[in-house]
Ligand code: G3P
């Protein structure tokens, strides 16, 4: 399973990039606005320059035509741009058109296997399944990811499944076990994934023991 960073915070993206394990970034309008960035294009271009892998940027139009217009524009901002399109009826139509035009789509805000399946059939490169938000609504988000992966594998659909709306490290474990191709994680969760108190205690103890012996 690959790890994407789910943020528009450039400082966090730079820090995470140094770790050498981030394959892409997902953003959405809420994440960009959290950073107080007025210039959406500049913010996305900056992210694209830090990480070479796919960078998802979302269209905001509700009509097919405006989605396509925006997607065509955004896709010229950088070679690694992926267009995020919501899993609506108009979004599905826009995805089909964009995919035929070889524009990579991340079919987002998926909350059901049917939405993910339709996105895959429309030619989306990725489907983003919002695990945390589905859990919040009293469902089993990760079971749905497992089901989607199973169906995509069964029918040999090339669309990759992104486990999104990840809230804690256990979600990452479950996403990996469910066979998600990618988990897109907030920076705080990435930090939690690597940290373990026993590792920290172990490092401190090794250093202390090493100080007690003489080194020639
Ligand atoms: O990748 C989707 C993510 O940004 C949404 O997360 O925590 O707002 O449900 P959350």
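The table for this structure:
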| item | result |
| --- | --- |
| Single residue of segment 20-36 satisfying the filter (crowded, with 18+ Cβ neighbours inside 10 Å and more than 10 Å from the ligand (Cβ to nearest atom)) that is modelled with the lowest pLDDT | 32 |
| From the options 43, 78, 17, residue that is free of Cβ contacts under 8 Å to residues at least 60 places away in the same chain, surrounded by 14 or more Cβ atoms within 10 Å (Cβ to Cβ), over 14 Å from the mean Cα position of the chain (by Cα) and closer than 25 Å to residue 180 by Cα | 17 |
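Okay, residues lined up against (1) modelled with pLDDT of 95 or more; (2) under 24 Å from residue 31 (Cα atoms); (3) surrounded by fewer than 20 Cβ atoms within 10 Å (Cβ to Cβ):
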position	(1), (2), (3)
125	yes, yes, no
133	yes, yes, yes
160	yes, yes, yes
180	yes, yes, no
188	yes, yes, yes
200	yes, no, yes
210	no, no, yes
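The values are calculated or read from the model by the stated rules, or taken from the named source; none is laboratory data. These numbers were taken from a predicted model, which means no experiment stands behind them. So basically every Cβ, Gly included, is an ideal-geometry build from the backbone, and we count neighbours across all protein chains shown.
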